[in-house]
Structures are given as structure tokens and as C-alpha cells.
1. Evaluate the following for Gly24: is it in contact with a helix residue (DSSP H, G or I) (Cβ under 8 Å, 6 or more places away or on another chain), in a helix (DSSP H, G or I) and at pLDDT below 95?
2. Please go through the range 11-47 and give me each residue that is of a type in the set (D, E, K, R) and under 23 Å from Pro329 (Cβ atoms), ordered by number.
3. Name the residues in the range 184-200 that are of a type in the set (D, E, K, R) and within 20 Å of Leu213 (Cβ to Cβ), would you?
4. Out of the residues in the range 21-68 meeting the condition of being within 7 Å of the ligand (Cβ to nearest atom) and in contact (Cβ under 8 Å) with a residue 60 or more places away in the chain, tell me which one is nearest to Tyr226 (Cα to Cα).
5. How about the range 260-325: which strands (runs of 3 or more DSSP E) wholly inside it have at least 3 residues that are modelled with pLDDT under 95 and on the phi > 0 side of the Ramachandran plot?
6. Among the residues of the range 215-253, which ones are modelled with pLDDT of 95 or more, in a helix (DSSP H, G or I) and either surrounded by fewer than 19 Cβ atoms within 10 Å (Cβ to Cβ) or of a type in the set (Gly, Ala, Ser) (or both)?
7. Out of the residues in the range 11-20 that are out of contact with any Gly (no Cβ under 7 Å at 6 or more places or on another chain) and assigned to a helix (DSSP H, G or I), state the one that is nearest to the ligand (Cβ to nearest atom).
8. Checking the structure you have, find out if any residue of the range 123-144 is of a type outside the set (Ser, Thr, Tyr), more than 27 Å from Glu328 (Cα to Cα) and either within 16 Å of the ligand (Cβ to nearest atom) or not assigned by TED's automatic domain parsing to the domain that holds Cys244 (or both).
Amino acid sequence: MEPKQLREAERAFKYFDLYGSMRGHKIIVEDMARMEAYHSAIFKNKSEMIADKVILDVGTGTGVLAVWAAKAGAKRVYAVDASNAAQLARRLVQSSNLSDVVTIIHSKIEEVEIPEPVDVIVSEWMGCFLLKESMFDSVAYARDKWLKPGGLMLPSRATILLGLYAPGNDSDRTNVVKLKLEKEIAEWKETVSNLQSLDVDYSGFTDELVQDLSDYFLKNNIRVNYLSPNNLASTPQKVLEFDCATVDPTTLVQFSQDFNYSISKHAEITGFLGWFTTDFPNGVVLDTGPGPTYNHWGQYLYPLQESFKVAPGDQVLGTITVGRYPDEPRFNIIEFKYQVGKVPEHTALFNMGNVQHLDEGSKTLLH
Ligand SMILES: C[S@@+](CC[C@H](N)C(=O)[O-])C[C@H]1O[C@@H](n2cnc3c(N)ncnc32)[C@H](O)[C@@H]1O
């Protein structure tokens, strides 16, 4: 195999491997905000949206959305998953006595043959900051191939929001990053001095290590929950909004959006805070934004190297660019360019280079 093909094969294996067992699904099934939103989305107005309809569940995982669709009266449900979770879905469908309505297909959606066009596509494809994992590509592929003209997408709209994080009474997560960095550097200085007693001098590497660690700690976003919306220095702004039925997925690969925040209070801004909402056609909204309710995506905090103070009437102007890693297109790179008053423009670049919520498992780790 060519090295590029090998890399792609490994990538596909790892992604679907993460979702291939109950361990990978635990955190999403435990997320009650997510589960309740999809439950309402399927059952509210079910007689118009779901009853007697043919449904395609893209990425069925443990099969929950397919089971709900069948219980809401769907005529037939095709539930497709490329990972071994298809076996879990088969069990949930069997134990729910719905095998005559739901057909489980263990395949990538891009490779599957479905016997008929469908009236509705349901999918839970959203990643952190909406687009991480790049699963919407597969949903759009299924939409263009299998959805009847005028068919329904669940969810129907998706929106990314961005705010300025000014930690009033929240424990300041950006500060945690800086403290971690200071601790590592203090430890290193002690190591350099210990090693001098063994007649080897590492002091020449300190600057490099400081740069390396600060790149690592301050260029990775932090996933947070339970932040108070009061700790935003102004109203959040939309970075992206699209109609799931019509959006061209290639426009999501890389895009930029300007922002212009009018500050309403005295605050010290230590980072940008991002999250998403999805809307369903019957008025149900899944909102992953800051507040007292946990969700497994959380909000993404992008800590700034230098915090800055703002006052009422100030404006924070800039541009966010969201792109994909060239070597791992399921992950994002985020760049902020921003400016306050006449101060020269700053740039902050972040990696979103792991599938944190899957690796970390339990929601208790997110406090
Ligand atoms: C976030 S999980 C959602 C699982 C389930 N629908 C739920 O709501 O609990 C996404 C699922 O989509 C599957 N998936 C992602 N891309 C896929 C593709 N191209 N073809 C088939 N399954 C895919 C993954 O294996 C994973 O099980």
C-alpha cells in the first residue's frame, strides 16, 4: 500500500474504532440534553414528520434514533453505521421488538445500497464546535443520494456561536492553563539545577522548552461546561449558520467570518468561547452553550496568550477562520485575528487535534 493510502486506512480504522464499542457511546448516551432534544425532535409533531415515513438514520451508533423513529410510527427505518456499533444497534432493535420496521446495515453510508429513497434523514453528526469529526460530509452525501426532493432533515439547521470570555465569578479556565505552564517550567528549572550536580548542563534548552510548552498549552482549546453566560463580555455572534437540506458541504471545509463585538461592561477578556446550536423543524432546539446544564460537547474555550481589558463602548473586531488539518481532515484548525481600539492586530492559532470527548469518557472529568 502507498504511504498515503496507508495513512487513510489507519485514519478510517481509528475513527470507526472509537465508535465501535459501548465505551465510545457511553458519554453520548449519558448526555441527557442531547437525548431529550432528539427525543422531542422525533416525537413532537410525529404524525406529520415521522408516521408512515421512510427514515434513514445516518450513523445509527447504538440505534437509539432508529428505535425512536420506529416507535413514533415510521413505516421503515434504515439504520446505517460503519463501526461495530451496528451490532449494538441490532441488539437494541431486537430487544425493542422492532426488527420488522428497522433494518440495520453495517457499512459506511458512502458504500451502502438502500432499497428506496427516503422521506426523512435523521442523524447526530455534530462534533465539538459543530464541525469537528467532519461527519456532516457523510450526511450531505446521504442527503444528495437518498433523500426524496423536499424531504426532511433532522436536524434542519446548524449554527456556530462565538463569545468573548471574561471570567467574572467563574473559576478562570484560561488561568488554569497558565498555572500549568508555570508549574512545568518551575519543575524544569529544578531539573536543570539537579542535573548540574551530575555534571551535565541543560540550561541551554530552557527557552526552547518554554516556547514548546506554551505552544502546546496555549494552542489547544479547552473543553468546558457549566460556565455562566454572564461571563461573556458582550452578546455572542454567529460564526456560521446553514440549512442542512441545502448547504454545500465543501463550503464547510474552510471558511472565515468577521466579528464585531460592542462591549457593554468593564471586563478582562482571557479567551474566545465557541459552541453550537441545532434546530429541528418542529421548533426543538439543541443548545450546547454556556449555562447550568451539562452537555458532552461542552463549549470550546480558546485561551489567549495575553488577556486584554475592555470598557463599555469598546469594540473588538476581527475574523475567525475555521479549517481542517491537511493530514487529519476530521480535526479543525482555528485562527483568530482580533483587534481592540487602535492596538495592532493579534493572531491566535489553535489545534483541535484529538477526539477528546471520546478518549476522556466520563462527564465527571469535565468539571
Ligand atoms: C455521534 S455518533 C451518533 C450515534 C447515534 N446516532 C446516537 O445518536 O447515539 C455517530 C455515529 O456515526 C457513525 N458514522 C460516522 N460516519 C459514518 C459514515 N460515513 N458511515 C456510517 N456510519 C458513520 C459512527 O460510527 C458513530 O457510531
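The values are calculated or read from the model by the stated rules, or taken from the named source; none is laboratory data. As the structure is a computational prediction, the values presented were derived from the model and not from experiment. Heads up, the Cβs are rebuilt from the backbone with ideal geometry, glycines too, and the neighbour counts pull from every protein chain shown.
1. Considered against the rule, which asks whether it is in contact with a helix residue (DSSP H, G or I) (Cβ under 8 Å, 6 or more places away or on another chain), in a helix (DSSP H, G or I) and at pLDDT below 95, Gly24 comes out as yes.
2. We begin by selecting, within the range 11-47, every residue of a type in the set (D, E, K, R); these are 11, 14, 17, 23, 26, 30-31, 34, 36, 44, 46.
Correct list: Arg11, Lys14, Asp17.
3. Here is the first cut: in the range 184-200, the residues of a type in the set (D, E, K, R) are 184, 187, 189-190, 199.
Result: Glu184, Glu187, Lys189, Glu190.
4. Restricting attention to the range 21-68, the residues satisfying the condition of being within 7 Å of the ligand (Cβ to nearest atom) are 25, 28-29, 38, 57-62, 64-65.
Now narrow it down to the ones that are in contact (Cβ under 8 Å) with a residue 60 or more places away in the chain: 25, 28, 38, 57-59, 61.
On the way: His25: 22, Ile28: 17, Tyr38: 21, Asp57: 31, Val58: 30, Gly59: 29, Gly61: 27 Å.
In this case the residue turns out to be Ile28.
5. Numbers: elements: 267-279, 285-287, 299-310, 315-324.
In the range 260-325, there are no strands (runs of 3 or more DSSP E) which contain 3 or more residues that are modelled with pLDDT under 95 and on the phi > 0 side of the Ramachandran plot.
6. Pro249, Thr250, Thr251
7. Step one: list which residues in the range 11-20 are out of contact with any Gly (no Cβ under 7 Å at 6 or more places or on another chain), which gives 11-17, 20.
In the following step, the residues that additionally are assigned to a helix (DSSP H, G or I) were identified as 11-17.
Details: Arg11: 12, Ala12: 9, Phe13: 12, Lys14: 11, Tyr15: 7, Phe16: 5, Asp17: 9 Å.
In this case the residue turns out to be Phe16.
8. We begin by selecting, within the range 123-144, every residue of a type outside the set (Ser, Thr, Tyr); these are 124-133, 135-137, 139-140, 142-144.
This time we only want the ones that are more than 27 Å from Glu328 (Cα to Cα), so: none.
Looking through the range 123-144, none of the residues is of a type outside the set (Ser, Thr, Tyr), more than 27 Å from Glu328 (Cα to Cα) and either within 16 Å of the ligand (Cβ to nearest atom) or not assigned by TED's automatic domain parsing to the domain that holds Cys244 (or both).
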